[in-house]
Every structure is written in structure tokens, then in C-alpha cells.
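Engineer: Below are the C-alpha cells for one structure; questions will follow.
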Amino acid sequence: MTGRDVGMVGLATVWVVWATGAEVVSIRAGVIENHVLDFAVGATYLLAGLIALRRRPSNRLGWLMVTVAFVWYIGNYGNTEVPAAVSMGAAFGGVSLSLVVWLFFAYPSGRLQTRAEQVYVAAFVTWQLVLGVVIALTFDPRATCAACVQGGLALFPSAVTVARMEGIDNVLAVALPFLGGMLFALKHRRASAVERRALLPLWIGGALLVASFAVDAFIGGDPGQGRAEYTLVQLENLARMAVPLCFIWALLRSNLDRGGVGDLIERLSGPIPTGGLRDAMSDVLRDPNLRLWLPVAGGWVDEAGASIPHRELTPGSGISRIDRAGRTLAVIRHDPAIDRRLIDAAGAATAMALDNARLHAELRTRLEEVRASRARIVEATDAERRRIERDLHDGAQQRLLAVSFRLRAAQRQTEAADSVRSDLAEAEDELRGAIEELRNLARGIHPVILTDEGLGPALDSLADRAPMPVRITSTLDGRLPPPIEAAAYFVVAEGLTNAARYAGTPVDVTVDVCGGRCVLRVRDNGPGGADRARGSGLRGLADRVEAVDGWLTIQSPSGAGTTLTAEFPCE
Amino acid sequence: MRVAVADDGVLFRRGLVHLLVKEGIEVVAEVGNADELIRAVESTAPDVVLIDIRMPPTHTVEGLDAAAAIRRSRPKTGVILLSQYVEPHAAMSLLSEGTGGIGYLLKDHVTDPAALVDAIIRVANGGAVIDPSVVAQLLLKQRRHDPLESLTSRERAVLALMAEGRSNQAVAARLFLSEKTVESHVGRILSKLGIGIEPDDHRRVLAVLTHLRSSE
């Protein structure tokens, strides 16, 4: 038992004596009220206050509730024969109400959140204290009842002052609850979903309290007189218990929530889809807007591997790290009202799965990087091929053609000897062969028609040059992204080359563009039996296709022809 | 004969102009891009224009666009497109739009002065000229049920010249046949291949090329 526990037991003991005494006084004085309920109000405040002090010592709510538990009975002691107690009871019986209002607004953090709330609560408490002091100094019970004892502190008895103060108090009794209701509505609007759930009992209690005050002010009768008045006071007492009950209920629920963490472990024992971890945490913490990020080399990513700027993850209210063995496994953004210990429990339960998810996310990020770099390599290669083709076309080919003109012109020089002319003719033939070879080389490096006119005409051109009939069936309309066009072109080119080499039969080429996918087929009726390992050509082709997020397959059962199929995304 | 030449390759263009002048053809303009060409055609009104398909700024189809513009503003002007590559479909798209007076030649074939001058004259007279390489490539194709198999070697020779855009008269001269014989060859070829008789020369070329390109 720690010193704090001893202190609490002491406090509880003192309270039991104080409260029991108060009830005994009330019973003996014949006060008409439900004494059990009156005792219970104080008891719930004490219980909730002690629990709060024990579990959240830094939270002001605990001390406030314990204070209410004591102050609540000052009024009861006003029914004794001791003059000072009579004065105190009459003067400060109402102070507990202002403390309850304070509690309403300070729940659950213990602090008043806005300037308006601070002013309102300060005004309420101050008014109650001022009223108490003035009443204590001026109220003499004998003025209204001959049998009563003298108010011990009434140094300046004045029935007029008392009546005035009560008049002001009656006006405030209407104004203050009205203002309070408005402020409380604002508090509700500010609150997050989680906080709103916690505030619900307060709303009910607050509404009851305001309603009973309103009726009280309207009837304006003496306390303890009449059936309606009696019921009203009991209702008020019930309403006052809203804050401590609320507090106890919230604690119970957070225990229940932590019970949900057990389900979390079970739920995460099976295979988890991408995003499943976030969903599971969101369910257990009851926060639909929860976000989850995982650390990877050089940054933070969500479960799908998408990265997020680091500055958005600065720890603070609503951002929590989940650590294990000195390493951060994840960061979650959540409703700031969620109990930190619940988050820790959920974090502990999900540690293993989080680590798994982190590895998966890292893998996905890496894959994405590799994919992007492969696409860049292919793009760079294509750009380089275009440049080489352009250089050949604008440079070497033009020069050779110019030489060809010169040779032709020389041949037509009538004065030249026949032997010279035949030499020139031979040289011209050689040159023509060289130009032809250079042209084919340039086209092999990069087909100009592809960049100029697109995939459709480029495939037609391939078909024209093929040594066997090629039938093209195409739903292609317009242009596709250049890397896709290049990949598709080289697939068909390779397919036709192989068909010419191994099959020698007519070839069917189909291009099917549908729903953002482009499916390409090159089919011959040759002997089949080809496989992807046959040449580096097909492997390189597959690399090119995969670099644009496509795939390439080859079906070549022996004796049943060969089909080359490629599929690309083509938005 | 008045001719304009458009090609951004200076060496090639100089060579081409040199050759034309030697052959007694008047070169009224030589330019390096499509805009200059269109202005030159407006001011000099040539009979035939030789245009490189690829020219600045993008080196793609500036020549084709310029050809279309000239055909619109001056339909009588003959246009010969010069290409680095054999592209039958480009030759055909040209034919399918035009009304004759159109040619498609490979650059390495224009170095033959006789062939070039012949082509220029034919185009100036409203004929169609297709580079023999284009036809040769299409004739090389093997087919499943090849109707070309049913042609005699003489008929194949006539077909090739038809596809290049030669008139019956020219075919007759080339093959040392009478025009009457050529006419009967042409009739037989067209019926064997299932091609209808076309009124214009260039329509006939188009029909023959279309047939040769089809793989059935």
C-alpha cells in the first residue's frame, strides 16, 4: 500500500463520517428528501473522484469531484442548532452546483477548452461564493421563523439585502443555464466522434439539470414543500450524478475496448489483405478516420507502399508512435480523445503484424522503384535509338546519296572512256548496296514510321515487308503512349521474324484494345515447339513488355503452331 | 519543264538539283522546309514539286502536309514525294486522296537521271508513279491461295509495270509489245485477279496495289 493509497483510505473515512453526519442531521431535522439518494450523490462523486485521482493523478477532475463530494453536505449541516453551521449551510449550500457546472465543461480532459467556458465557469463560481459570503453576513433566520436559531455569522442582519440577493439569483437561475446550454452545444460541435460518444451521458444529465432548474425557477416554491417540488429535487440530484457516472462508464468502456484488443490478435493471425491492418485498428479503437503509416528506408509509407511527407507525422496530439524494443513499428493518426493506454495495448497486439506489413510495404516500394527504373531504362534506350536513326538518316545516308549523284553525273560525261564509265557504274552499284544496308540497319534500330504515324501503320508496314501473308485484325484507334507502341511493335516484329524462320505459314496478327488493356496476338500454323528460352530475342522482348507493366507469353505446343501473346495497359 | 525541290538535306538537294539541271530541267526553287516551299510554289508556279517527306521542324510528315496544301491551292501541280523507306501504305494513302499527278519515289532511286526525268514528265502529265521497290516488295509475298500463281511470267511483268503507274502505251514500249497485246494482257490479268476496270490510271494503280497488299 503506497502513501497515496493510505491518503485515499483516510479521505474516504473522513467522508463517510462527514456524509453520514449530514444525513443524520437532515433526518433529525425532518428535512423532506430522499436521504439515500442524497447520500448516493456524494458517494458517486467520491468514488469517481478517488478512481480519477488514482488513475489520472494529473487530471484536475479527480480533485474537483472529491471536493464536490464534501461541499455537497454543507447545506445539510445548516439544519443543526449550531448558529455558525446555520449560516454556512444557508450561504454555501449552493456552491456545489457551480463545481458541478465546472466539471461538466472540464470533462474529460480536466481543462476548460475555450475562453468563453473559462469566463462562464469563473463567473458561476464567483457568483456562488459572493452570494454565499453576503448571505452569511446578512441572513438571520429569525427574521422569518421565530423558532429558528440565530445565524451565527450574520454580523449585519438585513432582510432587504437577502431578498435582493435572492432576486438577482433568481434572474441568474434563468440566464446561467441558458448560456451553459449554448456553450455545451458548442463543446459538442467541437468534439470528435470518440469524444461525442463519451459526452452523451453528460448531455442527458445536463438537460435534466437545466430542465429541473427551469421548472424550479418557474414554480419558485419553498424547497421541501409539495409533491412536484420534491420530485424536482430528486431529479436534480440524479442529474448531478451525470459527471461521476459518466467518468466511471468511460473507464469501464475503455476496459471493454481493451478486451477488444484480444479479438484483434485473433483477427490478425490469419492472412491480412493490404489495408487490413488499418481497418482492424480502426475497428478496435473505434475511429473510422484512423490512418496508419510504416517506416521504410528513407521515409514513411502506407500499407500500399505510397509514401507520405515526413512533416505530416510530427508527433503531437492525435499522432502516436507504436514502438517495440526501442524501434518504431508504425505511426498512427487517430482521434486525440482515444485513451493512450488503449492505443498502446492495440499496438502491442499488432506488433508482429505491423512488422510484417512494414516489410511488405517496403517490398512494394522497392518493386515500384525497380519498375520505374526499368521503364526509364527502356525509355532512354528508345530515345537513344531514335537519335542514332536520325543521325544515320541526316548524316551518312545523305552523304552517300550525294556521292551517288556525283557518280551518276560523272557517268554521263560523254567524253569519259568506256572503261571509266563501267568502273563508275560498278562503284555506283556498290554504293547503292551500301545505302540499302544502311537503310535497313537504321530501320532495325528504330522504325521511323512508328514515331511518325503510330502503331497501326507501323504494323501494316511490317506486314508489307514480311515474306509471307500477314492478316492484321485491329480495334486500334489513334495513338498509344510511345513506350507501349514501341513494345507492341517489337513484339509483332519478333513474332513475324520467328514465324518466317520456323513456320513459313501465313500469320494472323490481332490487336485488341478494350477497357484500358491492349492485347496483342501473333499466331502462325507452323510446327510449334518453340519456347521462351529459345533465344535472347524473346527474353529481351519480355523485359521490354514487362517494363511497361505488361506481360508476354508464348504458347507453342508441338505440331499446333505458335502463338505469341502480349498484354499492356494502354490508357 | 519547271520544277521546285524541297529537302532539308543540303548535300542531297544540291546533288538532285545539279542532276536535274544537267538533264535540261529548269529548277525554279530549292528550299529546305515546308513553309518556304509553299511560298515558293505561290510565286513561281512550278509544274512539278519534289518534296522530302521528313523535313524540319519535327522531321515526321511535314512533306505530306505540304503536298496536301499544294494540291488544294493548285490542283494542277504535280507532286512527287521522296522517301527514305519503302512504305507501301504511304504511297497508297497518297493515291487514294489524289486525282493523278502524284508520285512516290525512294531517295536512292532518284539518282538515276533517266528514271527521274521519266517520272517527272509522267507526273506533270497527270499520271501516277510508284517506285518499283514498292511493287517488288509486294510481289515477293507468298500467299496461301495465290491468284498470282495463275499469271504467266509475261502477265506478271505487265502487272508490275501497271502497279508502278505505267500506261498501256509505256508498258508496251518497255516490253517490246504492241499496245493491242498489252491491252489484252491487262484485261486477262484484271479478270484473273478479280479487279474491275478502272477509268483513271491512278485508280488502276490503287486497285492493283490494294490487291497486292491483301494477304488473301
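The values are calculated or read from the model by the stated rules, or taken from the named source; none is laboratory data. Not measured: the values here are computed from a predicted model. Glycine gets a Cβ as well: all are built from the backbone with ideal geometry, and neighbour counts include every protein chain shown.
Engineer: Residues A:Arg421, A:Arg408: which one is within 11 Å of another protein chain (Cβ to nearest Cβ) and over 60 Å from the mean Cα position of the chain (by Cα)? Talk me through it step by step, then tell me what you get.
Structural biologist: Details: A:Arg421 fails: within 11 Å of another protein chain (Cβ to nearest Cβ).
Matching residue, one of A:Arg421, A:Arg408: A:Arg408.
Engineer: Separate question: Can you tell which of A:Leu61, A:Leu37, A:Leu50 is modelled with pLDDT of 85 or more and within 44 Å of the chain's Cα centre (by Cα)? Let's see the steps before the verdict.
Structural biologist: On the way: A:Leu61 fails: modelled with pLDDT of 85 or more; A:Leu37 fails: within 44 Å of the chain's Cα centre (by Cα).
Matching residue, one of A:Leu61, A:Leu37, A:Leu50: A:Leu50.
Engineer: Scanning for something surrounded by fewer than 20 Cβ atoms within 10 Å (Cβ to Cβ) and among the basic types (Lys, Arg), does region B:41-61 turn up at least one residue? Before the answer, list the steps.
Structural biologist: Our first condition is that a residue be surrounded by fewer than 20 Cβ atoms within 10 Å (Cβ to Cβ); within region B:41-61, this holds for B:42-45, B:56-61.
Still in the list and also among the basic types (Lys, Arg): none.
Among the residues of region B:41-61, not one is surrounded by fewer than 20 Cβ atoms within 10 Å (Cβ to Cβ) and among the basic types (Lys, Arg), which makes the answer no.
Engineer: Show me the helices (runs of 4 or more DSSP H) entirely contained within region A:1-108 in which 2 or more residues are over 27 Å from A:Leu235 (Cβ atoms) and touching a residue at least 60 places away in the same chain (Cβ under 8 Å). Before the answer, list the steps.
Structural biologist: On the way: elements: A:3-28, A:35-55, A:61-71, A:74-77, A:83-92, A:95-106.
Fully inside region A:1-108 and qualifying: A:83-92.
Engineer: Every residue in region B:63-110 that is at pLDDT 85 or above, of a type in the set (Gly, Ala, Ser), closer than 20 Å to A:Val448 by Cα and out of contact with any Asp or Glu (no Cβ under 6 Å at 6 or more places or on another chain), please.
Structural biologist: Selection gives B:Ala66, B:Ala67, B:Ser83.
Engineer: Hey, can you tell me all the residues within region A:459-507 that are surrounded by 17 or more Cβ atoms within 10 Å (Cβ to Cβ), without any contact (Cβ under 8 Å) to a residue 60 or more places away in the chain and either within 18 Å of A:Ala383 (Cα to Cα) or away from chain B (no Cβ under 13 Å) (or both)?
Structural biologist: Residues satisfying the conditions are A:Leu476, A:Glu485, A:Tyr489, A:Phe490, A:Val492, A:Ala493.
Engineer: Restricted to region B:1-24, and to residues that are surrounded by fewer than 20 Cβ atoms within 10 Å (Cβ to Cβ) and more than 21 Å from A:Gly395 (Cβ to Cβ), which residue is nearest to the other protein chains (Cβ to nearest Cβ)?
Structural biologist: Keep residues of region B:1-24 that are surrounded by fewer than 20 Cβ atoms within 10 Å (Cβ to Cβ), which gives B:1-2, B:10-11, B:14, B:17-18, B:21-24.
Next, from what is left, pick out any that are more than 21 Å from A:Gly395 (Cβ to Cβ): B:1-2, B:21-24.
Details: B:Met1: 18, B:Arg2: 21, B:Val21: 10, B:Lys22: 6, B:Glu23: 9, B:Gly24: 12 Å.
Residue satisfying both the conditions and the ranking: B:Lys22.
Engineer: Out of B:Leu161, B:Leu151, B:Leu175, I need the residue that is over 19 Å from the mean Cα position of the chain (by Cα), more than 14 Å from chain A (Cβ to nearest Cβ) and surrounded by 17 or more Cβ atoms within 10 Å (Cβ to Cβ). Which one? First the steps, then the outcome.
Structural biologist: Numbers: B:Leu161 fails: over 19 Å from the mean Cα position of the chain (by Cα); B:Leu175 fails: surrounded by 17 or more Cβ atoms within 10 Å (Cβ to Cβ).
Just one listed residue meets the conditions, B:Leu151.
Engineer: Okay, next question. Give me the residue from region B:133-148 that is at pLDDT 70 or above and within 10 Å of chain A (Cβ to nearest Cβ) and, out of that set, surrounded by the fewest Cβ atoms within 10 Å (Cβ to Cβ).
Structural biologist: B:Leu140
Engineer: Continuing with this model, one more query. So which of A:Leu209, A:Leu202, A:Leu153 ends up being buried (at least 17 other Cβ atoms within 10 Å of the Cβ), in contact with a helix residue (DSSP H, G or I) (Cβ under 6 Å, 6 or more places away or on another chain), modelled with pLDDT under 80 and in a loop (DSSP other than H, G, I, E, B)?
Structural biologist: Working: A:Leu209 fails: in a loop (DSSP other than H, G, I, E, B); A:Leu202 fails: in a loop (DSSP other than H, G, I, E, B).
The match here is A:Leu153.
Engineer: Let me ask you something else. Which of the following residues is assigned to a helix (DSSP H, G or I), among the charged types (D, E, K, R) and either surrounded by 14 or more Cβ atoms within 10 Å (Cβ to Cβ) or in the same structural domain as A:Asp543 (by TED's automatic domain parsing) (or both): A:Arg341, A:Arg321, A:Arg286, A:Arg278? Even if it seems obvious, please write down each step before you answer.
Structural biologist: Values: A:Arg341 fails: either surrounded by 14 or more Cβ atoms within 10 Å (Cβ to Cβ) or in the same structural domain as A:Asp543 (by TED's automatic domain parsing) (or both); A:Arg321 fails: assigned to a helix (DSSP H, G or I); A:Arg286 fails: assigned to a helix (DSSP H, G or I).
The match here is A:Arg278.
Engineer: Among the residues in region A:427-442, are any crowded, with 20+ Cβ neighbours inside 10 Å, more than 7 Å from chain B (Cβ to nearest Cβ) and within 26 Å of B:Met92 (Cβ to Cβ)?
Structural biologist: yes
Engineer: Further, regarding this structure: Just to check your reading of the model, which residue among B:Arg166, B:Arg122 is more than 29 Å from A:Leu462 (Cα to Cα), among the charged types (D, E, K, R) and buried (at least 16 other Cβ atoms within 10 Å of the Cβ)?
Structural biologist: That would be B:Arg122, the only listed residue that is more than 29 Å from A:Leu462 (Cα to Cα), among the charged types (D, E, K, R) and buried (at least 16 other Cβ atoms within 10 Å of the Cβ).
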